[in-house]
Amino acid sequence: MVNQRFLGRRAIVTGASRGIGAGVAERLAAEGAAVALVARTVEQHDRLSGSLQETADRLAGYGVSVALVPVDLSDPEARVQVIEKASERLDGPIDILVNNAAAAMYGEVADMPLKRRRLLFELNVHAPLDLAQAAIPAMRAEREGWIVNVSSATARPWAGPPFTLGTQGATTTAYGASKAALNRMTNGLAAELHGTGIRVNTIEPRGAVLTEGAEALMGGKLRPDQMETLEQMVEAVVALCDCPAEVTGASGVSLDLLDEWGVEVRGLDGTVLESMGPGKNTRE
């Protein structure tokens, strides 16, 4: 039986046209949430599979309200309207905000142009904070809310020398710096809001999640022990969309959180997979 723990709640998921965002949106809908889908791609992308419409079509099968909010989140003037539009289309204030959309541009820092660095921070730091700021007043009024920011292990600096850089070398530095800023912003926002009932957390995958974009970038370069499934990452995100008030200001790691909380990994439709224990993948 599928849990309906999000019945009556309204959620926004950014980057919902494919990958982790689409998976989180589906899982929230499967468990009863009305969901606003945010991304640039309404119809088919010219290079990657997935679109807002495809995600919306899947969610329609769960019998919940689904709203499409197409927007370029790198545009400050456009994104300032996202929360208002989503609330209008879902007929009420937003309870859950999942900031999943990100710019994942890699390159050597010594040569990276300012334009690319600015875009990284615009999408990975300023956009999540702008959406959070817009959602907070209604959450304050309701005395509860859940803000989940998707981060990355690249936020942590390398120890050295010598430096062990991994498959991407040092090219993840600027991206990781933006995610480190997101982690710190999340922590500070949580501290400011503590006691209001609004939880603010980040979560990052412990292994690579081979979504459409990641497959194009890293496909064939990783060992099985360096990866985790989409369902595992989605499970961790969704757990933080339902966490108690005392869980706030944390920067969690997907599989670690699932193990610590004893959470069973389910499918994107909320049904039970053949269990191998908390955080385990059943589709070897």
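The values are calculated or read from the model by the stated rules, or taken from the named source; none is laboratory data. Please read all numbers here as calculations on a predicted model, not as lab measurements. Please note: Cβ atoms are built from the backbone with ideal geometry, for glycine as well, and neighbour counts cover all protein chains shown.
Listed residues Ile12, Ile20; which is surrounded by 14 or more Cβ atoms within 10 Å (Cβ to Cβ), within 18 Å of Leu131 (Cα to Cα), β-branched (Val, Ile, Thr) and at pLDDT 95 or above?
Unique residue meeting the criteria: Ile12.
In the stretch 126-150, of all residues being surrounded by 13 or more Cβ atoms within 10 Å (Cβ to Cβ) and not in a helix (DSSP H, G or I), the one that is nearest to the chain's Cα centre (by Cα) corresponds to Val150.
Restricting attention to the stretch 237-257 and to residues that are among the hydrophobic types (A, V, I, L, M, F, W, C) and closer than 20 Å to Ala22 by Cα, the residue that is farthest from the chain's Cα centre (by Cα) turns out to be Leu255.
Filtered by the rule that a residue be part of a loop (DSSP other than H, G, I, E, B), exposed (fewer than 14 other Cβ atoms within 10 Å of the Cβ) and at pLDDT 95 or above, the stretch 246-284 gives Glu246, Gly262, Thr271.
Checking Leu189, Leu129, Leu193, Leu97 one by one, the residue that is without any contact (Cβ under 8 Å) to a residue 60 or more places away in the chain and not polar (S, T, N, Q) is Leu193 and no other.
Restricting Ser49, Ser74 to those that are in contact with an Asp or Glu (Cβ under 7 Å, 6 or more places away or on another chain), at pLDDT below 95 and of a type outside the set (Lys, Arg) reduces the list to Ser49. Residues in the stretch 194-225 that are at pLDDT below 95 and under 21 Å from Arg266 (Cα atoms): 9 in all. Filtering the stretch 51-69 for residues that are of a type outside the set (Ser, Thr, Tyr), within 19 Å of the chain's Cα centre (by Cα) and part of a loop (DSSP other than H, G, I, E, B) leaves an empty set. For the stretch 125-147, which residues satisfy the criterion of being over 17 Å from Gly197 (Cβ atoms) and touching a Lys or Arg at 6+ places or on another chain (Cβ under 6 Å)? Across the stretch 125-147, the qualifying residues are Ala127, Asp130. With respect to the conditions (1) under 18 Å from Gly19 (Cα atoms); (2) within 18 Å of the chain's Cα centre (by Cα); (3) of a type in the set (A, V, I, L, M, F, W, C), Val42 falls short on a single one, namely (2). For the stretch 84-124, filtering for residues that are surrounded by 21 or more Cβ atoms within 10 Å (Cβ to Cβ) and closer than 14 Å to Gly176 by Cα leaves 4. In the set Ala34, Ala56, only one residue is free of Cβ contacts under 8 Å to residues at least 24 places away in the same chain, of a type in the set (A, V, I, L, M, F, W, C), within 28 Å of Thr271 (Cβ to Cβ) and surrounded by 14 or more Cβ atoms within 10 Å (Cβ to Cβ); that residue is Ala56. Going through (1) in a loop (DSSP other than H, G, I, E, B); (2) among the small types (Gly, Ala, Ser); (3) crowded, with 20+ Cβ neighbours inside 10 Å one by one, Ala25 falls short only on (1).
Residues in the stretch 181-207 that are part of a helix (DSSP H, G or I) and surrounded by 23 or more Cβ atoms within 10 Å (Cβ to Cβ): Leu182, Thr186. Of the residues in the stretch 151-174, at least one is of a type outside the set (Gly, Ala, Ser), touching a residue at least 12 places away in the same chain (Cβ under 8 Å), under 16 Å from Ile203 (Cβ atoms) and crowded, with 17+ Cβ neighbours inside 10 Å.
With small (Gly, Ala, Ser) and modelled with pLDDT under 95 as the only criterion, which of Ala141, Ala191, Ala153, Ala180 stands out?
Just one listed residue meets the conditions, Ala153.
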